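Worksheet: the structure to be examined is printed underneath.
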Amino acid sequence: MTGLVLHPIGRLRTPWAQVADCPRNGRQPDPAPVCEAHVAPEYAEGLRSLDGFSHLILLYWLDRTKPAALSFTPPFDDTPRGVFATRAPWRPNPIGMSVVAFDGFAALTVLRVRFLDCVDGTPLLDIKPYLRTTDAEPDASMGWLDPHATRNRNTAR
């Protein structure tokens with residue numbers, strides 16, 4: 001596929017200046033700091049009717065991560081894992097995703113959110129409302145991360 005072009009719709013503002021400063025996931029630290037999604041003015045109309053949602057899905061471009069690694073050993077594990085079986089940021093397409101709590105608008109195109117885990121200034125690609133009836137899977141399994149799973153399973157499937 002050639003010619004794929006992404007157009008950021010804004011920037012994320014967080015307390016973390018460098019990748020090393022970021023929490024491993026958005027649920028750390030506790031309490032989660034309030035961050036902001038600054039949406040470019042030309043996308044303001046797209047924010048219509050967003051108020052009233054308690055949570056959003058933010059998609060963003062991890063523009064300061066290290067080069068992609070198709071397999072690596074996670075820091076809390078002793079077995080190499082494929083990148084697609086992890087939430088690691090160093091991916092062939094470094095797209096980050098967070099389900100965030102939406103605390104309302106700070107300004108016309110500034111959203112207050114909690115539970116982000118990215119560097120300040122990260123390009124924002126998209127915003128979607130989180131729908132508990134569609135996005136939640138209470139019976140989902142967690143693969144190799146499940147404490148009852150076989151720890152050394154290292155198959156391609």
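Computed quantities for the displayed model
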read-out	value
Max mean-square fluctuation residue, GNM over the chain, Cα-Cα springs under 10 Å, options Thr73, Thr86, Thr65	Thr73
Mean residue ellipticity (222 nm) of the chain, computed from DSSP H runs ≥ 4 via -39,500 (n - 2.57), nearest 500	-500 deg cm²/dmol
Inter-probe distance in nm under a simple model that places probes 7 Å from Cα toward Cβ, at Asp77 and His55	2.3 nm
R0 of 22 Å, Cβ-Cβ distance Arg87-Thr133: FRET efficiency to nearest 0.05	0.40
The chain: C-alpha gyration tensor shape, a/c 1.5 cut-off, then a/b vs b/c	prolate
Candidates Leu145, Leu116, Leu70, ranked by Gaussian network fluctuation over the chain, Cα under 10 Å, top entry	Leu145
Full-stretch length increase - Ala101, Leu4 - with 0.36 nm per residue and alpha-carbon distance subtracted	31.9 nm
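FYI, it's all coordinate maths here, none of it is from the lab. Remember, it's a predicted structure, so these values are computed and weren't measured experimentally. Because the Cβ atoms are built from the backbone with ideal geometry, glycine has one as well, and the counts that use them run over all protein chains shown.
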